[in-house]
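*Asks:* Below is one structure. I have some questions about it.
Derivation of every value follows stated rules applied to the coordinates shown; laboratory data play no part. This is a predicted model, so every value here is computed, not measured. All Cβ positions, even for glycine, are placed from backbone atoms using ideal geometry, and neighbour counts span all protein chains on display.
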Amino acid sequence: MLDRRYQTLIALAKYHSFTKTAQKLYITQPAVSQQIASLEEELDFALVIRDHGKIHLTPAGEKLAQFATQIEFEGTKVIDSLRNNVEHLKMGCTLSLSSTILPKFVQQLSTRTNIVTTKINNTQHILQNIRDGKVDFGLIEGNFNKKEFDAFLLQKEHFIGVGHNKYRCDSIENLFNQPLLLREKGSGSREIFENWLATQNYNINDFKNTIEIASPSAIIEYLKQNDGISFMYESLVVNELKTEQLKKLDLTGFHVEHPINLVFLKNSYFKNIYQEIVESV
C-alpha cells in the first residue's frame, strides 16, 4: 500500500545501513540513496544523518518511519480482512495475566472471529511485538509510553507481598535476609515492585539472596515448598491464601493497586474494535 520510498525508509530505520537495506529489499545501494533523497526533497526536511560512514535517522525520520510502519501492517490487516471476510486477531498477554484475565478474553474473542492468536511473554516483549505488528494489542499490567501507545483500562489489581505462613513482620527491612523470588527484567510485576522499593529508598540489591524465575506459577510453587517471599497480583494466589498455603505480608506503607490495560499503538485504525472488545469482556 505504501509508496516504495516509505518502505525503504522503514527498512533503513530497522537496519541503519544503506547496504543492508539494499540487500533486504533486493535493490541496489544507489537506489536506496536515491529513494531517501527523493523523499527528503519532497518533504523538505532531512530524514538521515551520515556520520563517518554510519547512518542515523533524524528525530523526524524516526517518527515518520514509525508512522509508516503502523500504516503498513494495519493496512495489510484491513485488506486481508476485506479479501477473506475473516477477522484474525493477534493478542499478546503478559505471563502474570495469562492464568487470570486471558481465558475470558480468548472465550469472548472466539465468538467474534474465526482465528485468535495469542503470544505470552513479559511486558517489554509484548510492547515490542505491538511495535513490530506481531500482535494487534496486548493485555499488560506493566508501564508503557503513553506517547507511543494508547490503552483502555480493564480493571485494577491489588499487588501484594506473599510468603510462608511463618513470616511475622511489618517492614520491608525485616525481609532483606529472606530469599526474594522475582520475575526477569522486562516483567511488569518486577517493575512495579522495583518502583515501590525506590519510593522507600531501597532497591533489589538490598536483598541478600534473589532468585529470578520467569514463570509466576513456578514462583508460587516454590514458595509453597520453601522459605522465601515474592510480590505479585493477589488474584494469582487467591486459592493459596484461602487454604493458608501462603500468607499475605502485612507491610507498613505497602498499599499498591495497579491498572491492567489493553494496550495498542497510538492512533490505531482499530481503536473502536479494541474498545468494543473491552466493553464486551
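*Asks:* At 7 Å along the Cα-to-beta-carbon direction for both R50 and E62, put a label point, then send me their distance in nm to one decimal.
*Replies:* In this crude spin-label approximation the distance works out to 2.2 nm.
*Asks:* Here is a follow-up. Using 0.36 nm per residue of separation minus the Cα-Cα distance, give me the extension gain between A218 and K147 in nm, one decimal.
*Replies:* Values: separation 71, 0.36 × 71 = 25.56 nm, distance 3.46 nm.
Value of the extension gain: 22.1 nm.
*Asks:* Same structure, new question: May I ask for the Kirkwood hydrodynamic radius of the range 110-198, worked out over all distinct Cα pairs and given in angstroms to one decimal? Intermediate values should be presented prior to the final figure.
*Replies:* Details: mean 1/r = 0.0627 Å⁻¹.
Mean inverse Cα-Cα distance, inverted, gives 15.9 Å.
*Asks:* About the Cα centre, and with charges only on the beta carbon of Lys, Arg (+1) and Asp, Glu (-1), how big is the dipole of the chain? Nearest 20 debye, please.
*Replies:* Working: 31 positive and 33 negative charges, 112 e Å.
Magnitude of the dipole: close to 540 debye.
*Asks:* Additional query: Which chymotrypsin sites (Phe, Trp or Tyr not before Pro) in the range 179-281 sit in a loop by DSSP (not H, G, I, E or B) and have at most 14 other Cβ atoms within 10 Å of their own Cβ?
*Replies:* On the way: sites: F193, W196, Y202, F207, Y222, F231, Y233, F254, F264, Y269, F270, Y274; in loops: Y202, F207, F254, Y269, F270.
Qualifying residues, ordered by number: Y269.
*Asks:* Subtract the Cα-Cα distance of Y269 and T199 from 0.36 nm times their separation in residues, and report this length gain in nm to one decimal.
*Replies:* 21.4 nm
*Asks:* Taking a point 7 angstrom from the Cα of C169 along the C-beta vector, which residues in the range 202-233 have backbone N less than 16 Å away?
*Replies:* What the label zone holds, given the 16 Å backbone N cut-off, is 202-211, 223, 226-232.
*Asks:* Using only the alpha-carbon atoms, what does the chain span along each of its principal axes? Please give whole angstrom values in decreasing order.
*Replies:* Taking max minus min along each principal axis of the Cα atoms, the chain gives 70, 51, 27 Å.
*Asks:* Can I get the semi-axes of the range 156-257's equivalent ellipsoid? Compute them from the C-alpha gyration tensor as square roots of 5 times the eigenvalues, in angstrom, largest first.
*Replies:* Working: eigenvalues 65, 45, 41 Å².
So the equivalent ellipsoid measures 18, 15, 14 Å along its semi-axes.
*Asks:* While we're here: What whole-number distance in Å separates the alpha-carbon centres of the range 90-120 and the range 226-281?
*Replies:* 15
*Asks:* To continue, here is another question. Among all stretches of the chain without exposed trypsin sites (Lys or Arg not before Pro) (DSSP loop, at most 16 other Cβ atoms within 10 Å), which one is longest?
*Replies:* Numbers: sites that count: R112, K134, K146, K147, K166, R168, K185, K208, K266.
Between the exposed loop sites, the longest stretch runs 1-111.
*Asks:* Still on this structure: If I take the Cα coordinates of the range 4-70 and project them onto the principal axes, what are the three extents in Å, biggest first?
*Replies:* 28, 24, 20
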